[in-house]
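Working notes for the structure below.
Nothing in this text is a laboratory measurement; each read-out follows from the coordinates by a stated rule. Note that the structure is a prediction, hence the values are computed from the model and not measured. In this analysis, Cβ positions are derived from the backbone assuming ideal geometry, glycine residues included, and neighbour counts consider all displayed protein chains.
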Amino acid sequence: MTTLRSLCVYCGSKLGNDPRHEAVAVELGRLMAQSGVRLVYGGGSVGLMGSVADSVLANGGEVFGVIPKGLFTTEIGHPGLTELVEVGSMHERKALMAAEADAFVALPGGLGTLEELAEIATWAQLGIHAKPVGVLDTDGFWEPLLGFLDRAADAGFIRPQHRNIILRITDVNDVIPVLSATVVPPSVPLLGIEES
């Protein structure tokens, strides 16, 4: 069981075309604040990133943002966070977010969200961390990725024990309970040539 004090949320710097995505981000922020779970995220004030941060703050919660100096203007760094840290690179951003979080969840987003999710899941596979990783899939947004993981496992590119590193959560109300209840066994570090 994980003591969930901080949750890293990966999500888009755009709102997307479906207003349900923003509604879910706002509700997740409310639930996090209500549960005393600090938000760890990329520090932006726009898109779903801004929506979840604004919701946590509006409901009395804490928000820890990490943003690279070069992206401060692009992603419009959020001025009202509990704490906003500027770092020198994307790698430093992701490493600090990972260190500050007890678990990770991805909401809808684009290439950046996908890259962050894939990297943190890979770190779990390699034994770099033993923290829960999930996707909030309220409308099937993540089904193609989950289907790819199933296909990669069936084809022998993902070991069976690693297929379930990324948990599918279909109800925003279940994010905190599911991630809190998930026990992640430490992974045996892999040799680089065994798996890709």
Phi to ³J(HN,Hα) by Karplus 6.51 cos²θ - 1.76 cosθ + 1.60 over region 144-159, Hz, x for Gly, Pro: x, 5, 5, x, 4, 4, 4, 5, 5, 5, 4, 7, x, 9, 10, 5
Relative contact order (%) - region 78-163, alpha-carbon pairs under 8 angstrom, separation at least six: 23 percent
Ellipticity estimate at 222 nm from DSSP helix runs (n ≥ 4, -39,500 (n - 2.57)) divided over the chain, nearest 500: -12000 deg cm²/dmol
Read-out volume of the Cα convex hull per residue in Å³, derived from the coordinates shown; its label in (i) 191; (ii) 108; (iii) 131: (ii)
Among 52-58, 141-147, the order from most to least packed when residues are scored by Cβ within 10 Å on average: 52-58, 141-147
Sequence-separation-based contact order of the chain, relative, with Cα cut under 8 Å and 6+ spacing, percent: 23 percent
Residues whose placed amide H lies under 5 Å from that of LYS14, excluding near-sequence neighbours: LEU48, MET49
Residue with peak Gaussian network fluctuation, the chain [Cα springs, cutoff 10 Å], from VAL184, VAL40, VAL105: VAL184
Share, in percent, of DSSP beta bridges within the chain that are antiparallel, nearest 5: 5 percent
